[in-house]
Amino acid sequence: MGEAYTDAVFKVRDLGIDFSDRRAVKVQKLLAASALLCGRTRAEASDLWVLRYVWDREEQIGPLRALVNGLLEQAEGAQGHPLSRPAERVDAEQLSRELDAVAAEVGNGGLTLGGVARARERLAGLADQCAWVEDGNAREHLAGRARELLAKLG
């Protein structure tokens, strides 16, 4: 696994992602945790899925996802971590409908303190999903809507 991880680190750096040696050591701990959660004492290539989340800027998400998916496809004989499968595509239309539903709740007013907290939590999750929308214009539009709604909640 050591050589595969070293190779992966260099490939991530080749994408232009700031991936210092210190950060690489921290990610090694994530690889170990991933293996442990699967009941293994050693990390496998399927644990490289954690590299999908080392991006610094949104424009790095697509290339990084493609790189990690390619690394995972090359892994032979791995038991496979459940999260090593390629991430599902985020449906921008479904995300928009969910934002509309939250906007209706916020627009109606009368939210209790607990309702506001639940709406904030839901919006935070939707905002995270916005980063995975493939179309750049749709991604920016949806993320903007999520930010506006969060601002309305105060």
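A few points about this structure:
- Odd one out for residue 90, checked against (1) assigned to a helix (DSSP H, G or I); (2) farther than 23 Å from residue 27 by Cβ; (3) in contact with a helix residue (DSSP H, G or I) (Cβ under 9 Å, 6 or more places away or on another chain): (1)
- Taken over segment 38-67, the residue count meeting the criterion of being aliphatic (A, V, I, L, M), touching a residue at least 40 places away in the same chain (Cβ under 8 Å) and not in a loop (DSSP other than H, G, I, E, B) is 6.
- Residue match in segment 17-26 (condition: β-branched (Val, Ile, Thr) and either more than 20 Å from residue 82 (Cα to Cα) or part of a helix (DSSP H, G or I) (or both)): yes
Quick grid of which residues meet (1) modelled with pLDDT of 90 or more; (2) under 16 Å from the mean Cα position of the chain (by Cα); (3) within 27 Å of residue 134 (Cα to Cα):
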{"site": "13", "(1), (2), (3)": "yes, no, yes"}
{"site": "59", "(1), (2), (3)": "no, yes, yes"}
{"site": "65", "(1), (2), (3)": "no, yes, yes"}
{"site": "70", "(1), (2), (3)": "no, no, yes"}
{"site": "73", "(1), (2), (3)": "no, no, yes"}
{"site": "83", "(1), (2), (3)": "no, yes, yes"}
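- Residue selected from segment 103-154 under the condition assigned to a loop (DSSP other than H, G, I, E, B) and touching a residue at least 60 places away in the same chain (Cβ under 8 Å), by the criterion surrounded by the most Cβ atoms within 10 Å (Cβ to Cβ): 132
- Candidates 100, 128, filtered to the one that is outside the structural domain of residue 58 (by TED's automatic domain parsing) and modelled with pLDDT under 85: 128
The values are calculated or read from the model by the stated rules, or taken from the named source; none is laboratory data. Since this is a predicted model, take the numbers as computed values, not measurements. Heads up, the Cβs are rebuilt from the backbone with ideal geometry, glycines too, and the neighbour counts pull from every protein chain shown.
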